[in-house]
Amino acid sequence: MNMSQTNPVRGACPHDCPDTCALLTTVVDGVAVRVQGNPAHRHTDGALCTKVSRYTERTYHPERILTPLKRIGPKGRGEFSPVGWDEALTDIAERLTRIAAHHPEAILPYSYAGTMGLVQGESMAARFFHRLGTSLLDRTICAAAGGEGLVQTLGGKLGMKVEHFAESKLILIWGSNPIASNLHFWRLAQEAKRQGARLVCIDPRRSETADKCHEHIALRPGTDAALALSLMHQLIVHDRLDHAYIERHTMGWDKLRERALHWPPERAAVVCGVPVQQITDLARDYGTTQPAAIRLNYGMQRVRGGGNAVRAIACLPALVGAWRHRAGGLLLSSSGHFPVQRAALQRPDLLAARTPRTLNMSTIGDDLLHDSSPSFGPRIEALIVYNSNPVAVAPESGRVVQGFMREDLFTVVLEHFHTDTADHADYILPATTQLEHWDIHASYGHTDVLLNRPAIAPLGQARSNTDIFRALAARMGFDEPCFSDDDQTLCRTAFGDAVDFRQLLDKGFSTLPLPEAPFADGGFPTPSGRCEFFSTRLAAQGLDGLPDHLPNFEVAGSDPRHPLAMISPPARNFLNSSFVNVKSLRDIEGEPLLEMHASDASARGIHSGDVVRVFNSRGEYRCKAKVSVRARPGVVNGLGIWWRKLGLDGTNVNQLTSQRLTDLGHGPTFYDCLVEVEKA
């Protein structure tokens, strides 16, 4: 790599966002001076969000960790001393070897989407943990319920090609705020709007996106399935159905029809807290407008019935034949289109005959506090965290902190910064950023593969995740040849022969060859080959084979001590807990806020700028209140995810969320949460 180059280096945005943008990094004398969108990539079109356009601020941040660190003070205080890589790796390997000698399942990896890269995510790391025989991690914290809902209905995490939304005539933006979190889709929606399309936003919060749509339906959290079933009711009653498509390409229609007829608009209006007229008008528009498209996002599935809600909504396009059109149908995730060679990357064969337990990342708070037992298995003695910040992002964070504070828990964190989680580590190992390593990316918002080349040499003593796990494998005597694969080899392995790697090297991206309208003639990858309104797979598990409305665990009005529902959507200038420490972005965001409707605030004597105490039986959180039209009556919006250490009390909104899991996929229920608010 020529460190004096000025030609932009092609790369990919690593963050947990459906846009998966193509990057161009300008390097002068070995220093990255600018990160911009690649105009040659149609989905990026030269534009980046505010967050990633400032990526050099993240890479060259003055607080970046650039040497291995060893804890010298109490856990949670963030007191560390620099050590050499040899000392750190030797000590970590010895500790893990001792634990593994009596029970390797007492070691737990913990990671998610700090990078979405297939190489710096779960490649060498997965090989290492499979070879060691540690506990497995069920990575559920974002999309598990919705993903399972799609699999049980459409057959996979599949949907429309995003570019065709520009041709749609009706777009339902459901549980999504694309202005903040899916910018390039929003540009397509705006193009459709200019061509006469109607845009409807369905979201408890009056988001920035809702402001720009023709209509906003502010339903209560966790009532999306009720709305979808009522739309079906109206499609049936007014015969706005594509009977031919239903007959040829769906399964279970008679059963679904019977259920939907129990959901007249009057019933759904009471459950959802919206006017009857909004439901009937939306059903009329959806049943009479072609092509009609739905852009779902994951916020609406973070409740008890999240999987069922996605199932109900995913049934709608087949009812009206929207899939016949390339600009009709639904998109929640496109990730199932990508032919990722996960077994080749992750090598589960290294487990040999072992079948270790699987722990759910969304219940890490409880799991760290479990003692050994026949049902649970061994107590967790070591935790290796990479690509995640669980102390900030996992639910019921009071319990999470309690677990991380255990003196007998050996914790290693691979990080760029002193996050809340890193503060509780025994060792922090400095990881590279996206500008400093190779990686390859799929997407869940479009259908292009992207290659990321390193633009600069690693800063300080930082090492890539893959390099760290290679080094640990060597220290532990793992001599299988797969541990010698370099990062370019791993990039080539990710898709094998299914993607032209030469094209990736030449252009930086490659488009998957897919049909323009994936289900125009049916062909759903379900067991029946049809859109499965009724899932025999769910029925075989003893679950309801039909989608239904499942009320929240914590239904508004069910607990007089905690009368307000709370959701915790992402703050516009952060991405989960990433970018919180980039000062220019934090200055834009301001401070942790709770949005309240005027009626709820006035009833409690609360005004904008007041410090409020938000609480329930799990904990309490102090922040500033903002009386805002963005909150609907009875619902407060705790914008996140701020690092705990930046909160008024050293906590964040996840002090209040629960570890209960969704109906399908065992995902978290962040938006199924009752609270009370009082002036502090």
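The values are calculated or read from the model by the stated rules, or taken from the named source; none is laboratory data. Worth saying up front: this structure is predicted, and the values here are computed from it rather than measured. Positions of Cβ are generated from backbone atoms using ideal geometry, with glycine treated the same way; all protein chains shown enter the neighbour counts. SASA here: full protein model, heavy atoms, side chains in, ligands and nucleic acids out. Shrake-Rupley method; radii C 1.70, N 1.55, O 1.52, S 1.80 Å.
At a glance:
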{"quantity": "Subset of the range 84-106 that is touching a residue at least 24 places away in the same chain (Cβ under 8 Å) and closer than 30 Å to LYS645 by Cα - its residue that is surrounded by the fewest Cβ atoms within 10 Å (Cβ to Cβ)", "calculated": "TRP85"}
{"quantity": "Conditions (1) touching a Leu at 6+ places or on another chain (Cβ under 8 Å); (2) outside any loop (DSSP other than H, G, I, E, B); (3) open to solvent by 10 Å² or more (accessible area, probe 1.4 Å); (4) of a type outside the set (Ser, Thr, Tyr); number of the one not met by PRO518", "calculated": "(2)"}
{"quantity": "Flag for GLY84 being closer than 22 Å to LEU459 by Cβ, at pLDDT below 95 and not hydroxyl-bearing (Ser, Thr, Tyr)", "calculated": "no"}
{"quantity": "Some residue of the range 649-671 being within 16 Å of the chain's Cα centre (by Cα) and aromatic (Phe, Trp, Tyr)", "calculated": "yes"}
{"quantity": "Count of the range 286-307 residues which are open to solvent by less than 30 Å² (accessible area, probe 1.4 Å) and either more than 28 Å from LEU183 (Cα to Cα) or not in a loop (DSSP other than H, G, I, E, B) (or both)", "calculated": "13"}
{"quantity": "Residue within the range 137-155 that is hydroxyl-bearing (Ser, Thr, Tyr), open to solvent by less than 20 Å² (accessible area, probe 1.4 Å) and closer than 30 Å to LEU66 by Cβ present", "calculated": "no"}
{"quantity": "Residue among PRO592, PRO633 that is more than 12 Å from VAL677 (Cα to Cα) and in contact with a Cys (Cβ under 7 Å, 6 or more places away or on another chain)", "calculated": "PRO592"}
{"quantity": "Given (1) under 22 Å from ASP19 (Cβ atoms); (2) open to solvent by less than 20 Å² (accessible area, probe 1.4 Å), index of the condition ASN177 fails", "calculated": "(2)"}
{"quantity": "Condition met for LEU435 (at pLDDT 95 or above, touching a helix residue (DSSP H, G or I) at 6+ places or on another chain (Cβ under 9 Å) and either crowded, with 24+ Cβ neighbours inside 10 Å or of a type in the set (Gly, Ala, Ser) (or both))", "calculated": "yes"}
{"quantity": "Close pairs (6 angstrom Cβ cut-off, 6 or more residues apart or separate chains): at pLDDT below 95 in the range 548-567, open to solvent by less than 30 Å² (accessible area, probe 1.4 Å) anywhere", "calculated": "ALA556/ALA565; ALA556/GLY634"}
{"quantity": "Neighbours by Cβ (under 6 Å, 6+ apart or cross-chain): first from the range 329-348, aromatic (Phe, Trp, Tyr); second open to solvent by less than 30 Å² (accessible area, probe 1.4 Å)", "calculated": "PHE338/ALA442"}
{"quantity": "Enumeration of residues in the range 251-279 that are closer than 16 Å to LEU241 by Cβ and open to solvent by 30 Å² or more (accessible area, probe 1.4 Å)", "calculated": "MET251, TRP253, ASP254, LYS255, ARG257, GLU258, ARG259, LEU261"}
{"quantity": "The lone exception for ARG10 - which of (1) part of a loop (DSSP other than H, G, I, E, B); (2) touching a strand residue (DSSP E or B) at 6+ places or on another chain (Cβ under 9 Å) it fails", "calculated": "(1)"}
{"quantity": "Within the range 339-385, tally of residues that are assigned to a strand (DSSP E or B) and either of a type in the set (S, T, N, Q) or farther than 20 Å from ASN465 by Cβ (or both)", "calculated": "5"}
{"quantity": "Odd one out for PRO317, checked against (1) within 30 Å of VAL653 (Cβ to Cβ); (2) in contact with a strand residue (DSSP E or B) (Cβ under 6 Å, 6 or more places away or on another chain); (3) not β-branched (Val, Ile, Thr)", "calculated": "(1)"}
{"quantity": "Residue match in the range 210-220 (condition: surrounded by 15 or more Cβ atoms within 10 Å (Cβ to Cβ) and either among the small types (Gly, Ala, Ser) or under 13 Å from PRO547 (Cβ atoms) (or both))", "calculated": "yes"}
{"quantity": "Residue in the range 230-243 that is under 30 Å from PRO570 (Cβ atoms), at pLDDT 95 or above and either out of contact with any Lys or Arg (no Cβ under 6 Å at 6 or more places or on another chain) or of a type in the set (Gly, Ala, Ser) (or both) present", "calculated": "yes"}
{"quantity": "Cross-chain or 6+ apart pairs with Cβ under 8 Å, the range 45-56 first and buried (at least 22 other Cβ atoms within 10 Å of the Cβ), then at pLDDT 95 or above and among the hydroxyl-bearing types (Ser, Thr, Tyr)", "calculated": "TYR55/THR433"}
{"quantity": "Test set (1) surrounded by 17 or more Cβ atoms within 10 Å (Cβ to Cβ); (2) out of contact with any helix residue (DSSP H, G or I) (no Cβ under 6 Å at 6 or more places or on another chain); (3) free of Cβ contacts under 8 Å to residues at least 60 places away in the same chain - ALA283 fails condition number", "calculated": "(2)"}
{"quantity": "Within the range 557-658, strands (runs of 3 or more DSSP E) holding 1 or more residues that are among the β-branched types (Val, Ile, Thr) and open to solvent by 20 Å² or more (accessible area, probe 1.4 Å)", "calculated": "611-616, 619-627"}
{"quantity": "Residues satisfying the stated conditions in the range 317-334, i.e. surrounded by fewer than 21 Cβ atoms within 10 Å (Cβ to Cβ) and in a helix (DSSP H, G or I)", "calculated": "ARG324"}
{"quantity": "Qualifying residue in the range 259-268 (condition: of a type in the set (Gly, Ala, Ser) and without any contact (Cβ under 8 Å) to a residue 60 or more places away in the chain)", "calculated": "yes"}
{"quantity": "Test result for ASP423, among the acidic types (Asp, Glu), modelled with pLDDT of 95 or more and within 19 Å of VAL83 (Cβ to Cβ)", "calculated": "yes"}
{"quantity": "Count of the range 1-16 residues which are open to solvent by less than 30 Å² (accessible area, probe 1.4 Å) and either modelled with pLDDT under 95 or under 27 Å from SER176 (Cα atoms) (or both)", "calculated": "6"}
{"quantity": "Extreme residue, nearest to ALA314 (Cα to Cα), among residues of the range 536-550 that are open to solvent by less than 60 Å² (accessible area, probe 1.4 Å) and not small (Gly, Ala, Ser)", "calculated": "PRO547"}
{"quantity": "Criterion (modelled with pLDDT of 95 or more, surrounded by fewer than 20 Cβ atoms within 10 Å (Cβ to Cβ) and touching a helix residue (DSSP H, G or I) at 6+ places or on another chain (Cβ under 8 Å)) met by exactly one of ARG379, ARG399", "calculated": "ARG379"}
